[in-house]
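Read through the structure below, which is laid out as structure tokens, and then see the notes.
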Amino acid sequence: MEIRDARASDAAGIADAARASLRDSYDFLDEETIDEVVGEWYDGERVAERVNEEASAWMVAEDGDEVVGFVQGALVDAEPPVGEIHWLHVAPDAREQGLARQLLGGIQETFEKRGAGRLRGTVLAENDEGWSFYEADDFDRADEREVTIAGDDHAEYVYERAIDATAEELVVEPVETPAGELFVNFSEGERGSKAPFYAAYRTDDLQEKYGWYCSNCDSVSTAMDSMGRVECNDCGNSRKATRWDASYL
């Protein structure tokens, strides 16, 4: 078994592993929906484009010539940067061999070399095996939100873990906005099409979240929909949905 960086030529194997994993762990989705998701996200052109993006990180678990698992994510520009894990899949027949933890360790090392101080992963609440995996690896549940999949709302958990001790030191600065003084947490960021978004709070203890601060135009006139898309109403900076997209669900 080999854990290595993914290549564009791995697209078919990645798609097969994703399809098998989704069918096993997301049995509330029908096969047609899963096939549509996999076909959209993991076709050859899309994988070739994504694996070569500067911020992206993709690794595969390979058994002989067969891809039996993979992890994908991206480095989010924050203080410190965050290694965000979008998907971690292992085909059912290859589970119980420690591959998921090896893939997690591999992508953590990749993010750490790029300067990340924290890891963040998301998993549907209905996927007991998924969130139990994060909790067993010392991730803390940082947030819970709703996502819409095939017209139905589902709870999604957000897990985070510091990579080193310095990652626990948050970078929070007060910012004057039309809504009054807000406190922007530059340690809690999301990638945008033009510049990162950062979480904005009403108080410096970060207990009452206001919304998102667009670092491209210093605006807090932003909106997030149920699938994680964020858009700045002033400059058009946007963050696309990273997991579930209604265009093919």
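The values are calculated or read from the model by the stated rules, or taken from the named source; none is laboratory data. Every value quoted in this text rests on a predicted model; they were computed, and no experiment measured them. Cβ atoms come from the backbone with ideal geometry, glycine included; neighbour counts cover every protein chain shown. To get the accessible areas, we keep the full protein, side chains included, count just its heavy atoms, and leave off ligands, DNA and RNA. Shrake-Rupley method; radii C 1.70, N 1.55, O 1.52, S 1.80 Å.
Quick one: with all protein chains in place, what share of the accessible area of the chain is carbon or sulfur, to the nearest percent (1.4 Å probe)? On the chain, the fraction of accessible area on carbon and sulfur atoms equals 40 percent.
Less than 5 angstrom separates the built amide H of THR222 from those of TRP212, ASN233, all sequence-distant by 5 or more or on a different chain. Note on the stretch 22-171: dipole from Cβ charges, positive end direction compared against HIS86, THR33, VAL147; the farthest Cα belongs to HIS86. Out of every Cα-Cα pair that the stretch 45-189 contains, those further apart than 20 angstrom amount to 55 percent. Largest GNM mean-square fluctuation across ILE149, ILE85, ILE14, computed for the chain with C-alpha springs under 10 Å, falls on ILE149. Residues in the stretch 81-95 carry Karplus couplings, in order, of x, 10, x, 9, 9, 8, 8, 9, 10, 10, 4, x, 5, 9, 6 Hz; the curve used is 6.51 cos²θ - 1.76 cosθ + 1.60 with θ = phi - 60°, and Gly or Pro positions show x. Farthest towards the positive end of the charge dipole of the stretch 1-121, among the residues GLY64, ALA48, ALA116, is the Cα of ALA116, using unit charges on the Cβ of Lys, Arg, Asp and Glu.
Computed about the Cα centre, the dipole magnitude for the chain is approximately 620 debye when only Lys and Arg (+1) and Asp and Glu (-1) carry charge, each at its Cβ. Reported value for the stretch 1-103: 107 Å³ per residue, from the convex hull of its C-alpha atoms. In the chain, the DSSP-assigned H stretches of four residues or longer account for a calculated mean residue ellipticity at 222 nm of -7000 deg cm²/dmol, using -39500 (n - 2.57) per stretch and the full residue count as denominator. Counted as membrane-span-like here are DSSP H helices of the chain whose alpha-carbon atoms extend 20 Å or more along the helix's own axis and whose Kyte-Doolittle mean is 0.0 or above; these are 11-25. For the Cα trace of the chain, dividing Rg by the Kirkwood Rh returns an Rg/Rh value of 0.96.
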